[in-house]
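The structure appears right after this line, and notes come after that.
The values are calculated or read from the model by the stated rules, or taken from the named source; none is laboratory data. This structure is a prediction, so every number in the text was calculated from the model and none was measured. Note that we place each Cβ from the backbone using ideal geometry, even for glycine, and neighbour counts take in every protein chain shown. These area figures cover heavy atoms from the full protein model, side chains too; ligands, DNA and RNA do not enter into them. Shrake-Rupley method; radii C 1.70, N 1.55, O 1.52, S 1.80 Å.
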Amino acid sequence: MEVQEEPSIRDTFKMSRKYLIYILMAAPAIAYVIGLSIFPAITVIYDSFHVNGQLSLRNYASLPGYGLYPSIVNTLIVSVGALIIQVVLALAIAMVMVKPFKGSKIFSTIVIIPFGVSTIVSAFAFSLIFQNVGGFANGIIVALGFKPVTWFSSTLSDLGVVMFSDFWKNTPLVALILYGGLSSVSPSLYESASMDGAGPLSRFVHITLPNIAPLLSIALLVRGVSEFNIFALPLVLIGYHPLILNTLIYENYSTLATRPISYAAATVLLAIIMVYSILVLRIGGAKQYAQ
Amino acid sequence: MPSKTSPGIYVAVLILAVIFFYPLWVLIIIAFVPTKYTFGVMYPIQLPLIITLQNVINSFREVDLVGPMIRSLEVAFIVGLLALGLGVPAGYGIAKLTARISNKLIAFLFIINMMPGLVIAIPISLYFYSLHLTNTVLGVALAQELVVLPLTVFIIMGGFRSLPRDLENQARVDGASLGSTFVRVLIPLIRVPILVAFILSWMTSWDEFTYAFIVAPIVPTHSTFPVTLYNYVSRNLPLQSATFALIATVPIIIMVAVFQKYLKGQYLSGGLVG
């Protein structure tokens, strides 16, 4: 018995020592993200529930007065709208990219470049395109014989400009993710389907969609979270009117007196993002962490 | 067998290419066409029929374009190298741990990746202030590291997991230590994931606005290119902004063109696979 036990203990010891090395290798990176994200997040949450060192809900109670509810609604409108625009455009790009055609390399370069373009560059370009008076978009519209459009005329149209402008930088990522799914579908599947009399729409619904569904949920999760975080784009295009959650946070952060308000708003944003991620992970059935 | 290309596809290609190139086109026109055809008229010219370098030359004379670019370069390289320094060992370690532990760590990193930038950046800047890191290249880099590190770990870990297990055992049987196996055998085999992680970190840092804006706010001599560009845009300097935006986008265009084949969905989806 003793003879058998000894090596097993030694093995366990060796095993745990081996794992210790792996854990030690992972430790610096893990410690880094804990130190620079979990701790700061806890600080923000803690401070948001305190007024003059006392536990209090006063920051939250005064949040509605700073425009919390409209800013949440606006954030949701921009996020959902932008996601729809990006998925539709990305699907179009991915479906084109899987087809062989002359100049496909140049095409994919052109549509992927915006992925690397800075958000501020994008925001600036779209501020030149969409102007109430003059501007590039109205130039085209007038040249085509239509009346110029007042882009920034209501809360909804302001948000519309932001959600549309967001497509440029962010569609390429969605397209690349969806392309990965589409390129794995064998073309013969489409051919046999069309021989069986399936039209383009039916082929799209029965072959394309099921094949990209898991990747679509990944794209929605990854993009959806970033969508709640858009900051630079609305800051340049619409400033603080209408407010979205991030501009509300920043506007109050930049004034010392209202800084606790920004902490409370930041906590609200954090909560929304957590709820969204859990929802998508549950619905999308994301046992999909890298295998 | 690929089916024959239908002519309809070229219509789609053309429309999409125009949509995706147009914003860049607008910047090119503003930067290279005399202002009397752009800001001097109600509707700016859509084709660069007359070209001038005067706008660009004036922009360089009037505002500082070089300083912010150099700082952005410094920040981007620190971010990229630090990501590898922390991410390569971490990716290896996590890939080697049991599935139960490694999945938990990955889920944890994934949640970190979702933290709203502004929510994290604000308290970080308060910490950094007491460490004298605000308004420094290092401070911006350390804050941005947080954005790129989870993705770097995912990519590197994926690279290690795709290697055959026997390979490492073989090297160990041959008498190599863990350290030398790691450096001489494994690292060269995952050079593509390493390259991808570095490029993505570099590009993310080059573009990053939120953390840079909070950690090194608009101080002309300290901010990176996106923050400086925001400053010029909000000061209503469109000519200088367009020139600046184009110059800062050139390295990105080159990188996308050169490394395009590495920019794949599987690397970009943050550790989630279909």
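Where residues in the range A:230-256 are over 20 Å from the mean Cα position of the chain (by Cα) and of a type in the set (S, T, N, Q), which of them is surrounded by the most Cβ atoms within 10 Å (Cβ to Cβ)? Give the derivation first.
Here is the first cut: in the range A:230-256, the ones over 20 Å from the mean Cα position of the chain (by Cα) are A:239-242, A:251-256.
Subsequent filtering for residues that are of a type in the set (S, T, N, Q) retains A:252, A:254-255.
On the way: A:Asn252: 23, A:Ser254: 12, A:Thr255: 10.
Filtering the range A:230-256 for residues that are over 20 Å from the mean Cα position of the chain (by Cα) and of a type in the set (S, T, N, Q), the one surrounded by the most Cβ atoms within 10 Å (Cβ to Cβ) comes out as A:Asn252.
Could you tell me whether the range B:155-170 includes any residue that is at pLDDT 80 or above and of a type in the set (Ser, Thr, Tyr)?
Looking through the range B:155-170, at least one residue is at pLDDT 80 or above and of a type in the set (Ser, Thr, Tyr).
Note down all Cβ pairs under 8 Å where the first residue falls in the range A:131-149 and is farther than 11 Å from B:Pro44 by Cβ, the second is assigned to a helix (DSSP H, G or I), and they're at least six residues apart or on different chains.
Note: pairs meeting the criteria are A:Lys147/A:Ile141; A:Pro148/A:Asn138; A:Pro148/A:Ile141; A:Pro148/A:Val142; A:Val149/A:Ala137; A:Val149/A:Asn138; A:Val149/A:Ile141.
Scanning the range B:175-213 for residues that are touching a helix residue (DSSP H, G or I) at 6+ places or on another chain (Cβ under 9 Å) and farther than 28 Å from B:Val256 by Cα, which turns out most open to solvent (accessible area, probe 1.4 Å)?
B:Arg184
If I filter the range B:156-174 down to residues being open to solvent by 10 Å² or more (accessible area, probe 1.4 Å) and in contact (Cβ under 8 Å) with a residue 60 or more places away in the chain, which single residue comes out as nearest to B:Ser205 (Cα to Cα)?
Selected residue: B:Gly158.
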